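The values are calculated or read from the model by the stated rules, or taken from the named source; none is laboratory data. Here the structure is a predicted model, which means the values were calculated and not measured. In this analysis, Cβ positions are derived from the backbone assuming ideal geometry, glycine residues included, and neighbour counts consider all displayed protein chains. Quick note on the areas: whole protein, heavy atoms, side chains included, nothing else; ligands and nucleic acids left out. Shrake-Rupley method; radii C 1.70, N 1.55, O 1.52, S 1.80 Å.
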Amino acid sequence: MLRQSQSHPQVELHNHLTVTFNESLAHDVREGLTADRKRLPSKYFYDSRGSRLFDRICSLPEYYLTRTEMKILGDHAHSIMQPFARGDLVEMGSGSHHKISRLLHAVNGTAGAQLRYIPFDVSRNALLEASRELMRRFPQLCIMGYVADFTAHLHLLPHGSKRLFLLFGSTIGNFPGPEAVGLLRNVRAIMAPDDRFLLGLDMVKPPHNLNAAYNDSRGVTSSFNKNILTVINRHLHADFNPAQFDHLAFYNEEKEQVEMHLQAREAATVNIADIDLSVDFKKGETIHTEISRKFTPESARILCAHAGLEISRWFSDAQGWFSLVELVPRRG
Ligand code: SAH
Ligand code: AVI
């Protein structure tokens, strides 16, 4: 479905989730909550409240990821954008405007610069808010937003210009190995030889820093984690009581990933009216809501190589806590 903003001819919005969202949520909730080890896909965190909570996480003192990546972007934006004064910037899981603004600033005012920004996000609100702010900051920018799922809808992207694909925040780490490779392969499949792909990767570091980043002292990450239950309550008329669940997040050293769970404080039965399902929880039982994989230079290289992508440049901070890798499609 296409909805074009009348008041801002600079922005075009394509919404591909209105019909399918409840159906896929219903399917995923049934599958996840009837499994032996209960689980839910992390993309359902991001309704408008979830996106706002994530923005708050980004500025928490313990959550080093965003400020580290922002610093790397600031240091290298000119060089990254040098081949892209003209073309399309396709940002998957775009969220707020901060990171793309860093790149746009680097070419702002450049003679002949003509860019189109194509954000792609499941969160309509995040996409609208970011677009509004970008229109204010960059009045020459064209924006073509997709409210869509980047695991399913990448084929909808327009063709034409030279493209820089972007996946920031280490969002790729929220996917298990085969899914992450599949997602990168799908991007690789639509890249032309001159296109580039900038991928953010959070790196392995001491466990206490990782545990602190996902267990902040203000409880914002806990609210973000529990928000997935509120989303299910609203869309599927369920009766989860988020207060009956504890936020549980820890670094699994063996798997090199942070895991987030919701743990039932007491035995409980939850009814999910729209899918006619009742789910029993034992005291202490968990729902696995997210993984956040951490990378080493070696595991990053292997991930990219499996997807047919070659690392052309590697940008990092002084501590090596976060990496931005520039990728090109491997020939052959
Ligand atoms: N890129 C931003 C936001 C990261 S949060 C940053 O680096 O800070 C992850 C973002 O991806 C959220 O905005 C969420 O709504 C979006 N997202 C998660 N799963 C998605 C999916 N399957 N398809 C499209 N967007 C998705
Ligand atoms: C979006 N993603 C990269 C975040 C992460 O760190 O894995 C989501 C998040 N979960 C808890 N805090 C932040």
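Numbers below:
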read-out	value
Region 210-224 residues that are more than 13 Å from PHE245 (Cα to Cα), paired with ones that are within 11 Å of ligand 2 (Cβ to nearest atom) and polar (S, T, N, Q) (beta carbon under 6 Å, 6 or more apart)	TYR214/THR221
Filtered residues of region 272-305 (kept if open to solvent by 40 Å² or more (accessible area, probe 1.4 Å), over 30 Å from LEU199 (Cβ atoms) and of a type outside the set (Ser, Thr, Tyr))	ALA273, ASP274, ASP276, ASP280, LYS282, LYS283
Where LEU236 falls short, out of the listed (1) within 16 Å of the chain's Cα centre (by Cα); (2) away from ligand 1 (no atom under 16 Å from the Cβ)	(1)
Of all residues in region 111-138 being away from ligand 1 (no atom under 11 Å from the Cβ) and part of a strand (DSSP E or B), the one that is modelled with the lowest pLDDT	GLN114
Whichever residue in region 172-181 is open to solvent by 10 Å² or more (accessible area, probe 1.4 Å) and hydrophobic (A, V, I, L, M, F, W, C) and, among such residues, is farthest from ILE100 (Cα to Cα)	VAL181
Options LEU184, LEU201: the member that is within 18 Å of the chain's Cα centre (by Cα), surrounded by 15 or more Cβ atoms within 10 Å (Cβ to Cβ) and either assigned to a strand (DSSP E or B) or without any contact (Cβ under 8 Å) to a residue 60 or more places away in the chain (or both)	LEU201
Selected residue (criterion: farthest from ligand 1 (Cβ to nearest atom)) from residues of region 164-206 that are basic (Lys, Arg) and more than 26 Å from LYS71 (Cα to Cα)	ARG188
Some residue of region 122-134 being more than 16 Å from ligand 2 (Cβ to nearest atom), without any contact (Cβ under 8 Å) to a residue 60 or more places away in the chain and hydroxyl-bearing (Ser, Thr, Tyr)	no
Test: residue in region 244-254 that is open to solvent by less than 20 Å² (accessible area, probe 1.4 Å), within 21 Å of the chain's Cα centre (by Cα) and under 30 Å from ARG30 (Cβ atoms)	yes
Residues (polar (S, T, N, Q) and either away from ligand 2 (no atom under 16 Å from the Cβ) or assigned to a strand (DSSP E or B) (or both)) located in region 139-156	GLN140
Count of region 60-104 residues which are outside any helix (DSSP H, G or I), within 12 Å of ligand 1 (Cβ to nearest atom) and in contact with a helix residue (DSSP H, G or I) (Cβ under 7 Å, 6 or more places away or on another chain)	7
Among (1) open to solvent by 40 Å² or more (accessible area, probe 1.4 Å); (2) within 12 Å of ligand 1 (Cβ to nearest atom); (3) of a type in the set (Gly, Ala, Ser) - the single one SER161 does not satisfy	(2)
Residue among TYR64, TYR44 that alone is farther than 27 Å from ARG132 by Cβ, out of contact with any strand residue (DSSP E or B) (no Cβ under 7 Å at 6 or more places or on another chain) and either acidic (Asp, Glu) or surrounded by 14 or more Cβ atoms within 10 Å (Cβ to Cβ) (or both)	TYR64
Unmet requirement for ASN108, which otherwise passes all of (1) open to solvent by 30 Å² or more (accessible area, probe 1.4 Å); (2) of a type outside the set (A, V, I, L, M, F, W, C); (3) at pLDDT 95 or above; (4) over 24 Å from ALA192 (Cα atoms)	(3)
Single residue of region 255-267 satisfying the filter (part of a strand (DSSP E or B) and away from ligand 2 (no atom under 13 Å from the Cβ)) that is most open to solvent (accessible area, probe 1.4 Å)	GLN263
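Yes/no per residue for (1) surrounded by 18 or more Cβ atoms within 10 Å (Cβ to Cβ); (2) closer than 24 Å to ARG49 by Cα:
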residue: GLU129; (1), (2): yes, yes
residue: ARG132; (1), (2): no, yes
residue: GLY145; (1), (2): yes, yes
residue: HIS155; (1), (2): no, no
residue: SER170; (1), (2): yes, yes
residue: ASP194; (1), (2): no, no
residue: PHE224; (1), (2): yes, yes
